[in-house]
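Questions regarding the structure given below will be posed in turn.
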Amino acid sequence: MRDRDANERISNWAGNVTFAARRLHRPSSVPRLQALVAGAERIHALGTGHSFNRIADSPGDLVSVAGLPPVMDLDTAAATVTISAGLRYGEVAPYLDGKGYALHNLGSLPHLSVAGACATGTHGSGIRNGGLATAVAGIELVTAGGELVNLARGDGDVFDAVAVGLGAFGVATRLTLDVQPAFEVEQYVYDAMPLAALREHFTEVMAAAYSVSAFTGWTGPTVRNVWVKRRADEPLPPPRRWFGAVRADGPRHPVPGMPPENCTEQLGVPGPWHARLPHFRLEFTPSSGEELQTEYFVARGDAVAALDALDAVRDRIAPVLQICEIRTIAADRLWLSPSYGRDSVAFHFTWVRDMAAVAPVVDVIEERLARFDARPHWGKVFAMAPEVVAERYPRLRDAAALARASDPRGVFRNELLDRYLP
């Protein structure tokens, strides 16, 4: 998120979206936030702005909870931590590690706010690892009338809708997250795995370690890199040669031409979970921002067929692509999660920042993945019609009904919610 003065508009991190809202509020207390929401005609929460469409926009005002007093309260008996929602993963994770605890997973970037990442269904990787919001055990939020309410896992439909709520249900002030004992991770990168080998051994590759990601430029018959993040207490690390790929002899960056110093340590050097599970270091800006992003989720059983469908149009994809990441996510029960009800494989595209060139390629990809009922990531660039998205997300209409009931004035509504949760 780039802050602007009163005479300028506010834009997202990548700079491809200029928000309609002219004011960004940063209240310093929950009561001030409550008064702000209660008095607003339209307002929407804004996290770190690492989204690529208008999911965080508002025709009225924007509000950030990053100015609320920081809270990190570890409950060892319950194996949870309660945090203020505006904190970033890169702030919460070292605190937990210092206490001997860990989160189950992290996204590629530690720079993301916890509340924003969970609200949009952001995830890490790993066949047995659910998205980041699956760690949420409790939510404190300010509702449309300015009331402060608490929800807990087990509260049924309401919690399952709100945990990945797209900002439609209120402004989160605190989250309670499940924790587990801290662990160490070794990270290995493999170069040039043949695409044919990934196809033939897809499940074996993706299940080889705690978290595995494959990166491709769709430029030929090989995958650029496979990143293997192995818990130090897992079985022996994969061999130097693996399904036709060779273990890298130095650090790598997923995007060609970008400095590997920005990335978390590789070459099998053990380190804390929070210093290996993300791809990028907190102390570096992950990239220049000159990019657009798109991501689609298909059932894990369709992974190879989806690979083939995309490979058939790689001549359309490659010219506007920086890199594509392929990773797995476990099924969950959160209504608006891209992995709701099915173990998933995600195809994440980092494009050049040229919407005119990217848009027709997005159309092609959506057409190629249509037979797999691909679901779009809520915070990325996609073009699906609302009725198609409603078919792909089985509980979307239920979530829309709950959002209307909880916010009858439409305080938290914006362009994207009006289109997809009408």
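Take the residues of segment 401-422 that are without any contact (Cβ under 8 Å) to a residue 24 or more places away in the chain and among the aliphatic types (A, V, I, L, M): which is farthest from Tyr340 (Cα to Cα)? Walk me through how you get there before you give the answer.
Narrowing segment 401-422 to residues without any contact (Cβ under 8 Å) to a residue 24 or more places away in the chain: 401, 404-405, 418.
This time we only want the ones that are among the aliphatic types (A, V, I, L, M), so: 401, 405.
Values: Ala401: 18, Ala405: 22 Å.
Among them, the one singled out is Ala405.
Looking only at segment 84-100, which residues are surrounded by fewer than 22 Cβ atoms within 10 Å (Cβ to Cβ) and among the hydroxyl-bearing types (Ser, Thr, Tyr)?
The one that is surrounded by fewer than 22 Cβ atoms within 10 Å (Cβ to Cβ) and among the hydroxyl-bearing types (Ser, Thr, Tyr): Tyr95.
Of the residues Val17, Val81, Val30, Val63, which single one is farther than 23 Å from Val411 by Cβ and buried (at least 16 other Cβ atoms within 10 Å of the Cβ)? Full working, then the answer.
Numbers: Val17 fails: farther than 23 Å from Val411 by Cβ; Val30 fails: farther than 23 Å from Val411 by Cβ; Val63 fails: farther than 23 Å from Val411 by Cβ.
The conditions single out Val81.
Of the residues Gly130, Gly167, Gly138, which single one is under 21 Å from the mean Cα position of the chain (by Cα), surrounded by fewer than 24 Cβ atoms within 10 Å (Cβ to Cβ) and in a loop (DSSP other than H, G, I, E, B)?
Details: Gly167 fails: surrounded by fewer than 24 Cβ atoms within 10 Å (Cβ to Cβ); Gly138 fails: in a loop (DSSP other than H, G, I, E, B).
Every option except Gly130 fails the conditions.
Can I ask one more? Within segment 321-341, how many residues are surrounded by 20 or more Cβ atoms within 10 Å (Cβ to Cβ) and free of Cβ contacts under 8 Å to residues at least 60 places away in the same chain?
Qualifying residue count, segment 321-341: 1.
Continuing with the same structure: Exactly one of (1) assigned by TED's automatic domain parsing to the domain that holds Tyr95; (2) touching a Lys or Arg at 6+ places or on another chain (Cβ under 8 Å) is unmet by Ser51. Its number?
The number of the failed condition is (1).
Tell me which residues, restricted to segment 363-400, are β-branched (Val, Ile, Thr), surrounded by 19 or more Cβ atoms within 10 Å (Cβ to Cβ) and either within 18 Å of Ser337 (Cβ to Cβ) or under 19 Å from the mean Cα position of the chain (by Cα) (or both). Before you say what the answer is, go through the steps one by one.
Within segment 363-400, the subset β-branched (Val, Ile, Thr) is 364-365, 381, 388-389.
Right, trim to surrounded by 19 or more Cβ atoms within 10 Å (Cβ to Cβ) and you get 365, 381.
Of everything in segment 363-400, just one residue is β-branched (Val, Ile, Thr), surrounded by 19 or more Cβ atoms within 10 Å (Cβ to Cβ) and either within 18 Å of Ser337 (Cβ to Cβ) or under 19 Å from the mean Cα position of the chain (by Cα) (or both), namely Val381.
For Leu68, indicate whether it is surrounded by 14 or more Cβ atoms within 10 Å (Cβ to Cβ), modelled with pLDDT of 95 or more and in a helix (DSSP H, G or I).
no
The values are calculated or read from the model by the stated rules, or taken from the named source; none is laboratory data. If you're wondering where the values come from, they're calculated on a predicted model, not measured in any experiment. Heads up, the Cβs are rebuilt from the backbone with ideal geometry, glycines too, and the neighbour counts pull from every protein chain shown.
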